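The values are calculated or read from the model by the stated rules, or taken from the named source; none is laboratory data. Since this is a predicted model, take the numbers as computed values, not measurements. Please note: Cβ atoms are built from the backbone with ideal geometry, for glycine as well, and neighbour counts cover all protein chains shown. For the accessible areas, the whole protein counts, side chains as well, though only heavy atoms, and no ligand, DNA or RNA atoms are used. Shrake-Rupley method; radii C 1.70, N 1.55, O 1.52, S 1.80 Å.
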Amino acid sequence: MESPTSAATNLGEEAAAGFRERFGHEPDGVWSAPGRVNLIGEHTDYNEGFVLPIAIDQRTWVAVGRRHDRLVRVASTSSSTSGDTVVEHGLDDIAHGSVDGWSAYPLGTAWGLLQAAGDTELGSVGGFDAYFTSDVPLGAGLSSSAAIECALATALVDLWRLPLDSDRVLRATVQAENIIVGAPTGILDQSASLFSRAGHALFIDCRDSSRESIPFPLTEAGLRLVVIDTRVKHAHADGGYGDRRAACEEAARVLGVAALRDVSPEALEEGRERLDEVIYRRARHIVTEDARVQQTVALLRSQGPRSIGELLLASHASMRDDFEISVPELDTAVETSMAAGAIGARMTGGGFGGSAIALVDAERVEELTEAIGVAFAKAGFEEPVTFVVTPAGGARRESR
Ligand code: GLA
């Protein structure tokens, strides 16, 4: 197996080489940004609550070169939809509906940054060429789209010398997703990809997007974090994600609060009879999940990663039963992980497919991986992809 460093170097070089070949000039530099797994705190971000993701070793790399006109050209090796073709678009006419496929992520990011920077900057920058490589699996719930957005945003802030603070860059990448792609997602993925620190989880209060790095010393605790990609593809621009968001907003409206973040477990019980049964269960997931994130952070601080297993499991049960965003493959991954000796396991990300995570003793990783393979084959599911991740650092410039 390749070490992360050699894989990383190759992908960075591949991005620069692909750029030269495709566009016929030298890039101004290479930047990268990671995918993420969320340890706990699912669908809480757009309810102005708490989340606790880590960035993972898998990253997206982009070689970028400025242009003197107002044209944008993007290409990628890793997109299943684009193949190796170049997408061209004017910098000034990017809008929802004017772009499609994977290019909506980079084009939306350029658009989001220009919106954030305002008119003065808008006239002064030129277009750009960008070539992407990546080892973040696509559609696996590991934020491959955020990795594209955050790698490019970091590059463009450098190259365009945009005077934006980190929160405005964050908002620009989220707007790319919300407005240009049309997925009503929150700030979890892009925050993790931009701001994570190696060896740490990122505790985010999504009301004001304040962040704190929490030590997550897996290796020191003799543990590994295993990702189980079920290969069940999902897309958040589809209905399920938006339906859940609408249910949460409805619950907040009926309970008379700005967001479900403002509802305590006790207040939810008091307001129960005012809520439709399904809406009540959706809200109960959010309210209890916010509490679990805070408990997880407290436990990580006082006792370390070995102590958080039960909270991970409770989170999964809540998503399966109350929020109803799990699928049989994710439940099988979690149940099999626990039967194979994991300390805790849960689905991660938006749901309806994607990946699960399992926290397990280092020496039991192989046993767990095998057990998952057997259980999936027995159930007639597609063969899953299982790999170990470590908490990695966020978006950065890699070379000039
Ligand atoms: C997706 C979204 C995030 C978040 C998660 C669920 O990853 O992009 O904003 O809502 O789902 O926690």
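What is the projected area of the convex hull of the Cα atoms of segment 305-400, averaged over all directions, in nm²?
7.8 nm²
Among 162-175, 137-150, what's the highest-first ranking by average C-beta atoms within 10 angstrom per residue?
137-150, 162-175
For segment 177-221, list log₁₀ I(q)/I(0) at each q in 0.26, 0.31, 0.33 Å⁻¹, using the Debye formula over Cα point scatterers of equal strength and ignoring solvent, two decimals each.
Ignoring solvent entirely, the Cα scatterers give -0.93, -1.09, -1.15.
Just want to confirm a number: the relative contact order over segment 4-214, from Cα pairs under 8 angstrom separated by 6+ residues, in percent.
On the way: 438 pairs, mean separation 59.1, N = 211.
In percent, rounded to a whole number, it is 28.
Please compute P(r) over all alpha-carbon pairs of segment 6-117, binned at 10 Å starting from zero, and give each bin as a whole-number percent.
12, 35, 35, 16, 2
Pairs of Cα atoms under 8 Å, at least six residues apart: use those to get the relative contact order of the chain, whole percent.
It comes to 23 percent, rounded to a whole number.
Measure out, as a whole number of angstrom, how far apart the alpha-carbon centroids of segment 173-237 and segment 267-342 sit.
Using only Cα atoms, the two centres lie 17 Å from each other.
Kirkwood hydrodynamic radius (Cα pairs, Å) of segment 152-229? Spell out each step's value before the answer.
Values: mean 1/r = 0.0693 Å⁻¹.
Result for segment 152-229, one decimal place: 14.4 Å.
For a Förster distance of 60 Å, can you work out the FRET efficiency between the beta-carbons of Asp208 and Glu363, rounded to the nearest 0.05?
Computed FRET efficiency for Asp208 and Glu363 comes out at 0.90.
Could you give me the percent of Cα pairs per 5 Å distance bin for segment 4-214, shortest bin first, beginning at zero and ending with the bin that holds the maximum distance?
For segment 4-214, the pair-distance distribution reads 1, 8, 16, 21, 21, 16, 10, 5, 1, 0.
Report in % the part of the accessible area of the chain that belongs to carbon and sulfur, leaving out ligands and nucleic acids; probe 1.4 Å. Could you put the intermediate results ahead of the total?
Working: 7660 of 15630 Å².
The C+S portion of the solvent-accessible surface of the chain is 49 percent.
Taking 7 Å along the Cα-to-C-beta vector as the label spot, tell me the His25-Asn10 distance in nanometres, rounded to one decimal.
Taking the simple label geometry, His25 and Asn10 are separated by 3.1 nm.
For segment 46-76 and segment 89-167, what is the centre-to-centre distance using only Cα atoms, to the nearest Å?
Centre-to-centre (Cα) distance: 7 Å.
Output the Cα-based Rg and Dmax of the chain in Å, rounding Rg to one decimal and Dmax to a whole number.
Using the Cα atoms of the chain, the pair Rg, Dmax is 20.8, 66 Å.
Each residue of segment 128-143 in order: what ³J(HN,Hα) in whole Hz does its phi give by Karplus 6.51 cos²θ - 1.76 cosθ + 1.60, θ = phi - 60°, with x for Gly and Pro?
For segment 128-143, the Karplus curve yields 7, 10, 9, 10, 9, 10, 6, 10, 7, x, 7, x, 9, x, 10, 6 Hz.
Starting from the Kirkwood radius over alpha-carbon pairs of segment 334-389, derive D by Stokes-Einstein at 10 °C in a medium of 1.306 mPa s and give it in µm² s⁻¹.
137 µm²/s
Would you kindly state how much longer the chain becomes between Val374 and Glu270 on full extension, computed as 0.36 nm times their sequence separation minus their alpha carbon distance, in nm to one decimal?
32.9 nm
Sketch the reach of a paramagnetic label on Ala246 as a point 7 Å from Cα along Cα-to-Cβ, and name the residues of segment 349-363 whose backbone nitrogen lies under 18 Å away.
From segment 349-363, the list is 352.
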